1. In segment B:276-319, how many are basic (K, R) and either more than 20 Å from A:D243 (Cα to Cα) or surrounded by 24 or more Cβ atoms within 10 Å (Cβ to Cβ) (or both)?
2. Could you check how many residues of segment B:175-209 are β-branched (V, I, T), closer than 19 Å to B:Y156 by Cα and in contact with a Cys (Cβ under 8 Å, 6 or more places away or on another chain)?
3. State all residues of segment C:244-269 that are crowded, with 24+ Cβ neighbours inside 10 Å and either under 29 Å from the mean Cα position of the chain (by Cα) or more than 7 Å from every other protein chain (Cβ to nearest Cβ) (or both); if no residue qualifies, say none.
4. Could you go through segment C:64-71 and let me know if any residue there is among the hydrophobic types (A, V, I, L, M, F, W, C) and within 8 Å of another protein chain (Cβ to nearest Cβ).
5. What pairs come up if the first residue lies in segment A:156-178 and is surrounded by fewer than 16 Cβ atoms within 10 Å (Cβ to Cβ), the second is in a helix (DSSP H, G or I) and of a type in the set (A, V, I, L, M), and their beta carbons are under 7 Å apart, counting only those six or more places apart or on different chains?
6. Exactly one of (1) without any contact (Cβ under 8 Å) to a residue 40 or more places away in the chain; (2) away from chain B (no Cβ under 14 Å) is unmet by A:F96. Its number?
7. Quick test of your reading of the structure: A:L123 fulfils all but one of (1) touching a Pro at 6+ places or on another chain (Cβ under 9 Å); (2) facing chain B (nearest Cβ under 9 Å). Name the failing condition by number.
4 protein chains.
Amino acid sequence: MGVVVDGCPPGLELSDADVQRELDKRRPAVGSIFTPRREEDKVEFFSGVFKGQTTGAPLCMLVWNREVDSRPYEEIRWTPRPGHADYPARIRYKGFNDYRGGGRFSGRLTAAYVMAGAVAKRLLEGLGIEVLAHVVQINRIEVKALSVEEIRTHVYSNPMRCADGNVARLMEQVVQDARNAGDSVGGVVEGRILNVPPGIGQPIFDFLDADLAKALFTIPAVKGVEFGAGFKVARLMGSQNNDAYAMKDGQVLTLTNNSGGVLGGLSTGMPITFRVAFKPTPSISKPQQTVDVKTLVDTKIEVKGRHDACIVPRAVPVVESMAAITVVDHLLAAGFL
Amino acid sequence: MGVVVDGCPPGLELSDADVQRELDKRRPAVGSIFTPRREEDKVEFFSGVFKGQTTGAPLCMLVWNREVDSRPYEEIRWTPRPGHADYPARIRYKGFNDYRGGGRFSGRLTAAYVMAGAVAKRLLEGLGIEVLAHVVQINRIEVKALSVEEIRTHVYSNPMRCADGNVARLMEQVVQDARNAGDSVGGVVEGRILNVPPGIGQPIFDFLDADLAKALFTIPAVKGVEFGAGFKVARLMGSQNNDAYAMKDGQVLTLTNNSGGVLGGLSTGMPITFRVAFKPTPSISKPQQTVDVKTLVDTKIEVKGRHDACIVPRAVPVVESMAAITVVDHLLAAGFL
Amino acid sequence: MGVVVDGCPPGLELSDADVQRELDKRRPAVGSIFTPRREEDKVEFFSGVFKGQTTGAPLCMLVWNREVDSRPYEEIRWTPRPGHADYPARIRYKGFNDYRGGGRFSGRLTAAYVMAGAVAKRLLEGLGIEVLAHVVQINRIEVKALSVEEIRTHVYSNPMRCADGNVARLMEQVVQDARNAGDSVGGVVEGRILNVPPGIGQPIFDFLDADLAKALFTIPAVKGVEFGAGFKVARLMGSQNNDAYAMKDGQVLTLTNNSGGVLGGLSTGMPITFRVAFKPTPSISKPQQTVDVKTLVDTKIEVKGRHDACIVPRAVPVVESMAAITVVDHLLAAGFL
Amino acid sequence: MGVVVDGCPPGLELSDADVQRELDKRRPAVGSIFTPRREEDKVEFFSGVFKGQTTGAPLCMLVWNREVDSRPYEEIRWTPRPGHADYPARIRYKGFNDYRGGGRFSGRLTAAYVMAGAVAKRLLEGLGIEVLAHVVQINRIEVKALSVEEIRTHVYSNPMRCADGNVARLMEQVVQDARNAGDSVGGVVEGRILNVPPGIGQPIFDFLDADLAKALFTIPAVKGVEFGAGFKVARLMGSQNNDAYAMKDGQVLTLTNNSGGVLGGLSTGMPITFRVAFKPTPSISKPQQTVDVKTLVDTKIEVKGRHDACIVPRAVPVVESMAAITVVDHLLAAGFL
């Protein structure tokens, strides 16, 4: 599985390790409730780097799929798994799609997002722009507001990718319970992009927030995206929601950030904040009702194989990646890179 | 103000009236709490229609801005209005942007979205695809679940574009109260797209839901978009959230529609359902804190002019339009048009 | 007829006169053998300029078609004119295309190219980049090599847009003879783009010369495009054709310019030189054989109306415009604008 | 070196052999005057084919570069080779480009074009559309007009890819002479696309001929492209050049094909014919004048390594590929695939 990144400026110092570090964030924590597959996701560069620096040519990166046993997936050819793309994919591709493991609809493809995101993050580093994401909700367990410093320091210190260790343990228990019940749980990831200069975005056709939303909805299992105060704005008065401007240290800032750092599709210079809702993993071991698409009769399916009872923690570096890629695209368009 | 629609297939019967009907939906209801401007938004075709049918050439449509007094806007040149794009737009365009009325960041531009949407709706009609939207929440007033038939029949029968007349009156009172207080309120619009065939969408780079989200976030004041169960999925178990397949009348359907009609970026054939959060109108008459960007000192602003205390009802045809345009794009790509 | 130019940077000084000057170059010279239509092609701005400067919003410009008598064109609905796009356009648009005057396949649309080109030229001016074009061949009359100074000074000083006045008079006679015979003639336009910095272009998918060729082939009646030595390279030895590098005034230059200023899709810093072949005007008054597409029987057509016996001189500002637009696109991508 | 082909419809039967056959056409004929490198260009599929048929997912194909000795190329880092892209590439990529073998400006990259072209040809086969190309000129040796049948049968029967065997031997001698002299020669390739339905093309922004020209200019060493009568149209009268319509076997045809099968950017239904001028190989062993870009002083370079004295024959399948890819793109847009 691979990815081709075109448009990366020449001269960026980039090594396998830069990409591997990000890929490793996506792997389930060792010894955790998350059962790792054998996939080691070791990145291999095919083009675009020469003497440790990008050349300006497309970067082609691959990880190899070592797990070759596709038998557990043969069953899903005719009995689409509820919550997966099996059924619409079959129609979209007239039955010719590679159905094994969900094919190109597999969450596994997010490894490609992360490889591309690693390049984007390296570019943002040079501009002092930072992308953070962390798990703020798993099922009914929610975390309180955290500082940037707390998130930055703790997010990758536990298997739940939740920056509050105590809450993380509660979340882990919820996942364990779901797993024991042959079920799964969803959650919410919060993201923040720090130090984006104001005025970034392309109206009307490429609003910054619209492009971020598009990128985030391209992550499998995402069902909602909101910026700043998000859906809560529906209940706020204009006088509560408007972010007043004020001078601070010679900078024009806003005293609140209900806008989430975007107004009219343009960055305001404040942190870009957003929240992303992930549905529970559709692969559960409980029997489910489905249809045999060959005979067109109702039937049952039990999804086999090793599946995470919660994929939200593994989505954290994916969210970071999609945000980083989108911001880089807009910075390139604005001449910052 | 105008719009150019390229790619419309030739031979579609299209009249000024088809577009005017949609534009009129966007005008504030006469005699309502919404103070209409003098803008009559009368559409004029410049190209693309010949003998009552589209030619395949780009459709250029315009409405004229009759309201020429731009004095109330001169003030905002140097003192950006909180919640508006004035400040980032100034930076984005290096001070050369046309700041009058928010320029191209004005909600008025959504008239162009509606003109384009009118063409998209005509194309969808021919395929039996219907797009509905209605107001489901204004501030704290929420409407109960409504049937398609109720929405279709009642949404445009009151100024609030809420298909439940009793709730609409409560919403109207909330808007009136906000207006009296020199303040404003936000809300939520729900959308449904009926009869989209399964398998529509373009992975990885153009998921149907990702493109819908991008289109919806391109409407000014939108801060959140969710599909199906949306943010609620975070609290559901996999066994609750998965939509089981079943045969019904010879069709493969799902018994629930928590996915909102999209899986893996592809339509499932079920209704596509989504919710869009709108912030309260940023233009309020209460004094607000801002910054004089010329002198870089804190100051106050009182936004003058006629402004709606709630723009959510007027957003209903805009939501319909953006959804219709996005679906048409995908149907064209899939060879359905 | 109009054009929308998006992506123009804000702050460019731009007036109606800047665009009108270019449009006027496209009008047939007064009192010449070229019979002007009544079209005055007076540009009107609809958006994008505020206080004499571009705002960063799309520039919409229109000229009005005053000549409303479309009767001479009704005939071509069923009997396609040889050399025109009538027949393939009919099929492409399933008979719904606006056939009057060739519709959107009319050479008249090049007025839109020139309006957009006027903006591009203003942007290039600021970078010291100049685009020149001139007629170098009409039928069998060819002009000798001319200096940049000669072209710049004389190209618009005669109706033939040929920078050598004596040759221009011979060309004019050729056109007059063709006109008298109810026939038409073609020719070649040469273009030069001066002072493009080296390294401009986007391999693999947007070579600078490939994009220039695409833009030039988008001018109706163009049948050939070549750069530098062009088709003559087929007869040169490598040692003759290669442009040797040498230092001159501290700059890396080439001693010859057979490459026409482009190598590997990138500008070399030398003048970009190209030649464009135009076919004779397909509208001739001589009777021609065609087919009645309704009855599918062979028939004859005599094309009526006022038609130029040679459109090559009028194509000169169009060639300049398409070259200017393409270079601006690449300079924007390269961060020069 | 690889290529990713996205957008290929699912269900196309496609094997390694289909692609290998095309790649092999690009290899120098064994035992000919063309000295083959050791590259075997053996295609390897990474994605997009499952059980012998395309899945609708992107097709990723690679050939490995076995020739690892990049020493002969180290010299060109500082002394750009005349006629190559070394100098502008250096500037474009700020010195970070991989200069070995010309990097991504190497003619070797056309193997990727051919891999993609092989897929396009398979798609065209299903529609009965055929793409042919052959060498019609090497230096001063030109071939007479040939029938489609002659081209189809003989083009790949000799190393020169010239369908007239006698002329091919003359051409071969010219190449041999150039090689002996440490020099190189150019030529012209003619292309024909048969059975394209009328009305294919996208005005204004994607004329069929404009897109073909862009694709052909993307082949390294191309300096001219013309359709139908090409540059000769400049000397024709309108009455000579216009292709008269006539009914034949119930079809609307033209009696001549000076237009080369394209009018107004749309296919006419007649064969699409074009000619492409290739410059002589810039790599010659004769000493050439260049500049040391580090010290900025004039110097000499002798290009080492094995180089073809003529690359025109090897360009034949590349021309076919670029034509096939462009036509497939337009057929996809028109709903034919």
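1. Within segment B:276-319, residues that are basic (K, R) and either more than 20 Å from A:D243 (Cα to Cα) or surrounded by 24 or more Cβ atoms within 10 Å (Cβ to Cβ) (or both) number 3.
2. 1
3. Hits for segment C:244-269 are C:T254, C:S259, C:G260, C:G261, C:V262, C:L263, C:G264, C:G265, C:L266, C:S267, C:T268.
4. No, segment C:64-71 has no match at all.
5. Short answer, once both residue conditions are applied: none.
6. (2)
7. (2)
For every residue, the table says whether it meets (1) without any contact (Cβ under 8 Å) to a residue 24 or more places away in the chain; (2) farther than 23 Å from B:S259 by Cα.
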{"site": "A:L212", "(1), (2)": "no, no"}
{"site": "A:K232", "(1), (2)": "yes, no"}
{"site": "A:M237", "(1), (2)": "yes, yes"}
{"site": "A:D249", "(1), (2)": "yes, yes"}
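Throughout, read-outs are computed from the coordinates displayed, never taken from laboratory work. Keep in mind it's a predicted model, so treat the numbers as computed, not measured. Counting neighbours? That spans all protein chains shown, and the Cβs are built from the backbone with ideal geometry, glycine included.
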